[in-house]
Amino acid sequence: MVQEEAGNEQDAMVSSVFHNRLRDGWKLESNASSYIKNDADNNYVHNWLAPYYGGWGNIPAGMAEAYDTYAVAGLPAGPISNPGRAAIEAALNPAESNYFFFVT
């Protein structure tokens, strides 16, 4: 999530926002997961789950939505991309803030 939302020097602050939202019971509501719903986009569900189940229309009910952070609380059901080292470090060591929103 951090990689897709920032992927730059703002990683630690974006991570902080996600940690704050999770801590306070918010949904992550990350645009990085919203494209999961579109079979035309290049994403994990389209590239891996759809072929496994024999096509987009055959993905079990609720599985694609489990990756949508606007629909579910907490983290997505699985990875949405491959993070770089800086994003992983930011996820493990977020900046300290009281922020719940960001612009990157």
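Only one of 34, 15 is in a helix (DSSP H, G or I) and modelled with pLDDT under 85. Can you tell me which?
34
Return the pairs, sorted by first residue and then second, in which the second residue is not in a helix (DSSP H, G or I), the first residue lies in the stretch 55-66 and is open to solvent by less than 40 Å² (accessible area, probe 1.4 Å), the beta carbons are less than 7 Å apart, and the residues are 6+ apart or on different chains.
Pairs that qualify, where the first residue is open to solvent by less than 40 Å² (accessible area, probe 1.4 Å) and the partner is not in a helix (DSSP H, G or I), are 59/53; 66/72; 66/76; 66/77.
Which of the numbered conditions does residue 31 fail, given that it passes all the others? Conditions: (1) over 13 Å from the mean Cα position of the chain (by Cα); (2) surrounded by fewer than 19 Cβ atoms within 10 Å (Cβ to Cβ); (3) at negative phi.
Tallying (1) over 13 Å from the mean Cα position of the chain (by Cα); (2) surrounded by fewer than 19 Cβ atoms within 10 Å (Cβ to Cβ); (3) at negative phi, residue 31 fails exactly one: (1).
Could you list all residues from the stretch 40-54 that are in a loop (DSSP other than H, G, I, E, B) and either open to solvent by 70 Å² or more (accessible area, probe 1.4 Å) or modelled with pLDDT of 85 or more (or both)?
40, 42, 53, 54
The values are calculated or read from the model by the stated rules, or taken from the named source; none is laboratory data. All of these numbers come straight from a predicted model, not from anything done at the bench. Ideal geometry is used to build each Cβ from the backbone, glycine not excepted, and the neighbour counts take in all protein chains shown. Only protein heavy atoms, including side chains, enter the accessible area calculation; ligands, DNA and RNA are left aside. Shrake-Rupley method; radii C 1.70, N 1.55, O 1.52, S 1.80 Å.
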